[in-house]
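Presented below is the structure to which this report refers.
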Amino acid sequence: GEEAKDWSFKDNYIIDEGKIDGIKIIDYLGKEDNVIVPTHINGEKVIGFDKGAFETCKASTIEIPGTIKYIAKDLGFDNKNIKSIVFGEGIETIDDCFSFVPNLESVMVSKSVSIIAENAFMGTKWLHSQTRLIILGSVLIGVRNVNSVLYVPQGVRTIGTLSIENCNFTKVVLPESVTTMQKDAFRCNENIKDFVFTEALTKIGHNSFGNNK
């Protein structure tokens with residue numbers, strides 16, 4: 001219970017009409033510069049965040065444990081203090097959680113993450129600094145300055161809804177490690193004429209090949 005003094009929270013909250021037993025964090029009240037989100041508060045598992053949970057946080061580093069499977073939207077909008085985020089092993093989905101956190105410059109994502117929303121880190125120093133293939137954990141989330149052929153490296157498991165900038169590639173080659181393409185994955189590139197993939201690709205989202213014919 002010692003960690004409870006640093007957090008505002010509520011328990012037994014509702015997700016999609018179902019009652020979930022666990023803690024939902026509302027706000028960080030402490031003053032530590034390196035914040036490690038607890039896995040439990042008062043003996044109950046921490047399993048989610050409320051909107052804006054880190055908007056007033058004074059810390060520069062936030063570490064989120066894998067007990068929280070889904071990282072919700074709009075957690076730190078316009079917070080100028082946050083510089084580093086660590087997503088722990090066990091997390092599965094990262095929504096548009098830290099977009100427009102202007103000074104965010106370091107993002108670490110575990111291999112357990114299989115879905116990352118298109119705008120999860122939009123408007124951050126980290127995203128602005130990325131070149132060519134933008135990969136978090138095992139998810140490809142963006143492509144920049146690629147001409148002719150896009151070769152996705154082995155180890156990538158998911159093609160996210162891609163941010164594609166300054167690209168002229170007409171061919172995509174996916175390795176056998178890719179099993180999933182999120183919806184609208186290549187919607188921003190209408191020049192692609194050739195897709196090469198393996199039988200491992202079993203989950204193909206709506207319009208994931210974009211407007212290519």
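Which one of 75, 126, 61 has its Cα pushed farthest toward the positive end of the charge dipole of the chain, where Lys and Arg give +1 and Asp and Glu give -1 at the Cβ?
Projecting each Cα onto the dipole axis, the largest value belongs to 126.
Leaving ligands, DNA and RNA out of it, rank 108, 181 by accessible area with a 1.4 Å probe, largest first. Don't skip to the end; give the middle numbers.
On the way: 108 110, 181 5 Å².
Accessible-area ranking of 108, 181, largest first: 108, 181.
Give the residue from 168, 113, 141 lying farthest towards the positive end of the charge dipole for segment 59-175; charges sit on Cβ (+1 for Lys and Arg, -1 for Asp and Glu) and the dipole is referred to the Cα centre.
168
Regarding segment 104-213, what is the average projected area of its C-alpha convex hull, in nm²? Before the final figure, lay out each step's value.
Details: hull surface 25.1 nm².
Computing the convex hull of the Cα atoms and averaging its projections yields 6.3 nm².
Please go through the residue pairs 69/171; 83/171; 5/111; 111/171 and name each one whose alpha carbons sit more than 30 Å apart in this structure. Intermediate values should be presented prior to the final figure.
Working: 69/171 34 Å; 83/171 36 Å; 5/111 32 Å; 111/171 27 Å.
Going by Cα-Cα distance, 69/171; 83/171; 5/111 fall outside the 30 Å limit.
Quick check: pseudo-label points 7 Å beyond the Cα along Cα→Cβ at residue 204 and residue 8, how many nm apart are they?
Spacing of the two 7 Å Cα→Cβ label points: 4.8 nm.
Let me see the P(r) profile for the chain: every Cα-Cα distance counted, bins of 5 Å, each bin given as a percent of all pairs.
1, 7, 14, 19, 17, 14, 11, 8, 5, 3, 1, 0
For residue 100 and residue 58, FRET efficiency with R0 = 25 Å and r from the beta-carbon atoms, rounded to 0.05?
0.90
Please list the non-local residues whose amide H lies under 5 Å from the amide H of residue 136, H modeled 1.01 Å from N, same-chain partners needing a gap of 5 or more.
Answer set, sorted by chain and number: 141.
Cβ under 15 Å from residue 51's Cβ, residue 51 left aside: what net charge do those residues give with Lys, Arg +1 and Asp, Glu -1? Show your work: numbers first, answer last.
Values: positive: 10, 24, 73; negative: 27, 50, 55, 74, 78, 95, 96.
Here the count lands on -4.
Looking at segment 68-190, send over the antiparallel percent of its DSSP beta bridges, to the nearest 5.
Working: 4 of 25 bridges.
Around 15 percent antiparallel, to the nearest 5.
Roughly how many Å is it from the Cα centre of segment 29-90 to that of segment 114-129, as a whole number?
Measuring centre to centre over Cα atoms gives 17 Å.
Which trypsin sites (Lys or Arg not before Pro) in segment 63-98 sit in a loop by DSSP (not H, G, I, E or B) and have at most 11 other Cβ atoms within 10 Å of their own Cβ?
On the way: sites: 69, 73, 80, 83; in loops: 69, 73, 80, 83.
Of the trypsin sites (Lys or Arg not before Pro), the ones in loops of segment 63-98 whose Cβ has at most 11 other Cβ atoms within 10 Å are 80.
As a test question: what accessible area, to the nearest 10 Å², does residue 151 have when a 1.4 Å probe is rolled over all protein chains in place?
150
So, counting K/R as plus one and D/E as minus one, what does the shell of residues with Cβ under 15 Å around residue 151 add up to? Let's see the in-between values first.
Details: positive: 132, 144, 171; negative: 176, 194.
Its environment carries a net charge of +1.
Quick check: pseudo-label points 7 Å beyond the Cα along Cα→Cβ at residue 122 and residue 191, how many nm apart are they?
Once both label points are built, they end up 2.3 nm from each other.
In Å, what Kirkwood hydrodynamic radius results for segment 53-110 from the alpha-carbon pair distances?
Values: mean 1/r = 0.0889 Å⁻¹.
Result for segment 53-110 stands at 11.3 Å.
Pull up the DSSP beta bridges for the chain and report the antiparallel fraction as a percent, rounded to 5.
So the antiparallel bridges in the chain amount to around 25 percent.
Tell me, in nm to one decimal, what length is gained between residue 115 and residue 165 on full extension, where the rule is 0.36 nm per residue of separation less the Cα-Cα distance?
Numbers: separation 50, 0.36 × 50 = 18.00 nm, distance 2.08 nm.
15.9 nm is the gain from fully extending residue 115 to residue 165.
For 45, 171, 31, give the ranking by accessible area with the largest first, probe 1.4 Å. All intermediate terms of the calculation are to be shown ahead of the outcome.
Working: 45 95, 171 70, 31 195 Å².
So, going from the largest accessible area down, we get 31, 45, 171.
Please give me the summed charge of the neighbours of residue 140: other residues whose Cβ is under 13 Å from its Cβ, Lys and Arg +1, Asp and Glu -1.
Numbers: positive: 132, 144, 157; negative: 118.
Charge balance in the 13 Å sphere: +2.
With a/c under 1.5 counting as rounded, go ahead and sort segment 164-211 into rounded, prolate or oblate using the C-alpha gyration tensor (a ≥ b ≥ c being the square roots of the eigenvalues; past the cut-off, prolate if a/b is larger than b/c, else oblate).
Details: a/c = 2.17, a/b = 1.42, b/c = 1.53.
It comes out oblate by the Cα gyration axes.
Please get the size of the charge dipole for the chain, origin at its Cα centre, with Cβ charges of +1 on Lys and Arg and -1 on Asp and Glu, quoted in debye to the nearest 20.
That gives a dipole near 700 debye.
What does the extension gain come out to for residue 108 and residue 144, with contour length at 0.36 nm per residue minus their alpha carbon separation?
Values: separation 36, 0.36 × 36 = 12.96 nm, distance 2.00 nm.
Answer, rounded to one decimal: 11.0 nm.
Quick one: Karplus J couplings for segment 60-67, per residue in order, coefficients 6.51, -1.76, 1.60, θ = phi - 60°, nearest Hz, x for Gly and Pro?
Using θ = phi - 60°, the values come out as 9, 10, 10, 10, 10, x, x, 5 Hz.
The values are calculated or read from the model by the stated rules, or taken from the named source; none is laboratory data. This structure is a prediction, so every number in the text was calculated from the model and none was measured. Counting neighbours? That spans all protein chains shown, and the Cβs are built from the backbone with ideal geometry, glycine included. All accessible areas refer to the heavy atoms of the entire protein, side chains included, with ligands and DNA or RNA removed. Shrake-Rupley method; radii C 1.70, N 1.55, O 1.52, S 1.80 Å.
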